[in-house]
Amino acid sequence: MSPPTSSPPTDRAGTLRIDRLQVAYGRAVQALRGVSLEVPAGRITAVLGSNGAGKSTLLRAVSGTLALHRGAVDGGGIALDGIPLTGDPARAVAAGVVQVPEGRRVFADLTVEENLRAGSLGLGRRSAAERRAARDRVYELLPVLAERRRQAAGLMSGGEQQMLAMGRALMAEPRVLLLDEPSLGLAPMMVERIAGIVQRINAAGTSVLLVEQNAAVALRIAHLASVLEHGVVRLAGTAAELAASDEVRRLYLGGSESAAVGTHRAKLGRWTG
Ligand code: ATP
């Protein structure tokens, strides 16, 4: 992970506040029960929790995509710089809140460059020069995408596809980037690269809401963190406070950071099974 490469621009505030949020799927599943947390402008906030805790649901609520999963907000609210987000994905993007798709979906048959171009579709009136400038900023943050610009996305490794999915989201020049388990299924070295990229994106001025099961990595790069359990915030604080907490160390870090990277998933299976 590298140190910040540039200081955050000053005109891109983006404090996201989630206030007593409740979300249900149909009538049967109350997935979030009064979740409050904040992603301060220019910061990385991590959300940890085991399977089914409600992490993806939280991101879907923020990106306005709950309806696609037959879910709905039934209490509380979400606001960006004090302006309520409405639960409509296009308005969330227009407000500057963009989610990297779950499962790092890319268009396999399109080239890297075509995938990036697809990321700027539907963003309203932007000139060709503005789109090119956005693409060049993505290439600067993610040089591997520039090197592979003419390669079909389907031929890239899982980690590179994750970078492309992030690059595509960055084409919208978000104020807040939503990331759902970017390290899932990647080898440790690639996990480190992705973590470094998230830091660079943040250092360039984008706030990040990061959902991760890899608590060791998430707590290392985040400023703030919350632990979700069965739809409620069980613990919250600075990432350093959580990393030092006995409970987090026992449940999510396996006593040491290095142990957690390799064994976290297996342990989660035991804890939740
Ligand atoms: P994971 O790490 O396994 O993705 P998560 O913390 O992201 O877990 P969610 O996927 O948000 O958890 O799920 C929270 C709760 O909502 C779970 O009980 C889950 O079964 C339920 N749930 C999620 N999506 C739906 C859906 N589309 N319809 C009904 N229930 C759902």
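Considering the conditions (1) in contact (Cβ under 8 Å) with a residue 60 or more places away in the chain; (2) hydrophobic (A, V, I, L, M, F, W, C); (3) within 16 Å of the ligand (Cβ to nearest atom), residue 184 is excluded by exactly one of them, (1). For the stretch 35-49, the count of residues that are within 13 Å of the ligand (Cβ to nearest atom), within 18 Å of the chain's Cα centre (by Cα), part of a loop (DSSP other than H, G, I, E, B) and at pLDDT 90 or above is at least one. Scanning the stretch 172-212 for residues that are more than 29 Å from residue 91 (Cβ to Cβ) and not in a loop (DSSP other than H, G, I, E, B) turns up 188, 189, 190, 191, 192, 193, 195, 196. Against the conditions (1) assigned to a helix (DSSP H, G or I); (2) modelled with pLDDT of 95 or more, residue 169 satisfies every one except (2). Could you tell me whether residue 140 is of a type in the set (D, E, K, R), surrounded by fewer than 22 Cβ atoms within 10 Å (Cβ to Cβ) and without any contact (Cβ under 8 Å) to a residue 60 or more places away in the chain? Against the criterion (of a type in the set (D, E, K, R), surrounded by fewer than 22 Cβ atoms within 10 Å (Cβ to Cβ) and without any contact (Cβ under 8 Å) to a residue 60 or more places away in the chain), residue 140 qualifies.
Among the residues of the stretch 223-253, just one is surrounded by 16 or more Cβ atoms within 10 Å (Cβ to Cβ), more than 16 Å from the ligand (Cβ to nearest atom), at pLDDT 95 or above and not hydrophobic (A, V, I, L, M, F, W, C), namely 223.
Within the stretch 120-140, identify whether any single residue is closer than 16 Å to residue 194 by Cα, in a helix (DSSP H, G or I) and not aromatic (Phe, Trp, Tyr), and answer yes or no. Yes - at least one qualifying residue is present in the stretch 120-140. Of a type in the set (Gly, Ala, Ser), within 16 Å of the ligand (Cβ to nearest atom), farther than 30 Å from residue 147 by Cβ and without any contact (Cβ under 8 Å) to a residue 12 or more places away in the chain - does that describe any residue in the stretch 63-76? No, there is no match, as no residue in the stretch 63-76 is of a type in the set (Gly, Ala, Ser), within 16 Å of the ligand (Cβ to nearest atom), farther than 30 Å from residue 147 by Cβ and without any contact (Cβ under 8 Å) to a residue 12 or more places away in the chain.
Right, residue 13: on the phi < 0 side of the Ramachandran plot, surrounded by fewer than 17 Cβ atoms within 10 Å (Cβ to Cβ) and modelled with pLDDT under 95 or not? Give the steps one after another, and end with the answer.
Numbers: on the phi < 0 side of the Ramachandran plot: yes; surrounded by fewer than 17 Cβ atoms within 10 Å (Cβ to Cβ): yes; modelled with pLDDT under 95: yes.
Answer is yes for this residue.
Restricting the stretch 18-34 to residues that are within 19 Å of residue 84 (Cα to Cα) and surrounded by fewer than 17 Cβ atoms within 10 Å (Cβ to Cβ) leaves a set whose member that is nearest to the ligand (Cβ to nearest atom) is 34.
The values are calculated or read from the model by the stated rules, or taken from the named source; none is laboratory data. Since we're looking at a predicted model, the values are computed, not measured. Because the Cβ atoms are built from the backbone with ideal geometry, glycine has one as well, and the counts that use them run over all protein chains shown.
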